[in-house]
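*Asks:* Before I ask anything, here is the structure I am working with.
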Amino acid sequence: MNAVRYSSHVKAHHIFRTTLHGLLAVFLIAQSFGCAALMVGAAGGTAGAVFFLGKLTEEINASVPTIHQATLAALKELDLPIEEERGDKITAKITSEFSDGKNIWISLESKTRSTTEIIIRVGHMGEGDESRSRMLLTTIKKHL
């Protein structure tokens, strides 16, 4: 009887340690590679936007210049001032601010000729405002 109980305890301990090691590995990978590690297997933006570490990230099937123009139109629609804006065919960066002082950073980076990664952060690093970030992304997509 004791041998059976000991055997079950050893199996449970092994399962616990294996699960713990797996979760630790996933956490370390996510910390090392950022949001990209969480979107493995997502092709062409089909996975949708991911909010992680205060940033909203999504791959959109459009070029950087197209999304850049849609972003400017979205900010204008929302009456948000453009504080800084620069871009080319590969990358773009836009900053703005809500009337309550929360900063907005929008970053675009070409992944392929027709796919762009958009990263939106509202507020302080690591403490981003997910609802405002998603609202901005929805408005940007509306202008595509």
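*Asks:* Give just the number: which of (1) under 17 Å from L137 (Cβ atoms); (2) surrounded by fewer than 16 Cβ atoms within 10 Å (Cβ to Cβ) does W105 not satisfy?
*Replies:* Result: W105 passes all but (2).
*Asks:* Could you tell me whether any residue of the range 64-78 is polar (S, T, N, Q), surrounded by 13 or more Cβ atoms within 10 Å (Cβ to Cβ) and within 14 Å of the chain's Cα centre (by Cα)? Even if it seems obvious, please write down each step before you answer.
*Replies:* Within the range 64-78, the subset polar (S, T, N, Q) is 66, 69, 71.
Still in the running and surrounded by 13 or more Cβ atoms within 10 Å (Cβ to Cβ): 66, 69, 71.
If we keep only those that are within 14 Å of the chain's Cα centre (by Cα) as well, we get none.
Looking for residues that are polar (S, T, N, Q), surrounded by 13 or more Cβ atoms within 10 Å (Cβ to Cβ) and within 14 Å of the chain's Cα centre (by Cα), one finds none in the range 64-78, hence no.
*Asks:* Cβ-Cβ under 9 Å, sequence separation 6+ or interchain: first residue in the range 124-135 and more than 13 Å from V50 (Cα to Cα), partner of a type in the set (S, T, N, Q). Which pairs?
*Replies:* H124/N103
*Asks:* Restricting to the range 53-99, give me the number of residues that are at pLDDT 95 or above, out of contact with any Phe, Trp or Tyr (no Cβ under 8 Å at 6 or more places or on another chain) and not in a strand (DSSP E or B).
*Replies:* The total comes to 25.
The values are calculated or read from the model by the stated rules, or taken from the named source; none is laboratory data. Fair warning: this is a prediction, and the values are worked out from it, not measured in the lab. As a convention, Cβ positions derive from the backbone with ideal geometry for all residues, glycine included, and neighbour counts pool all protein chains shown.
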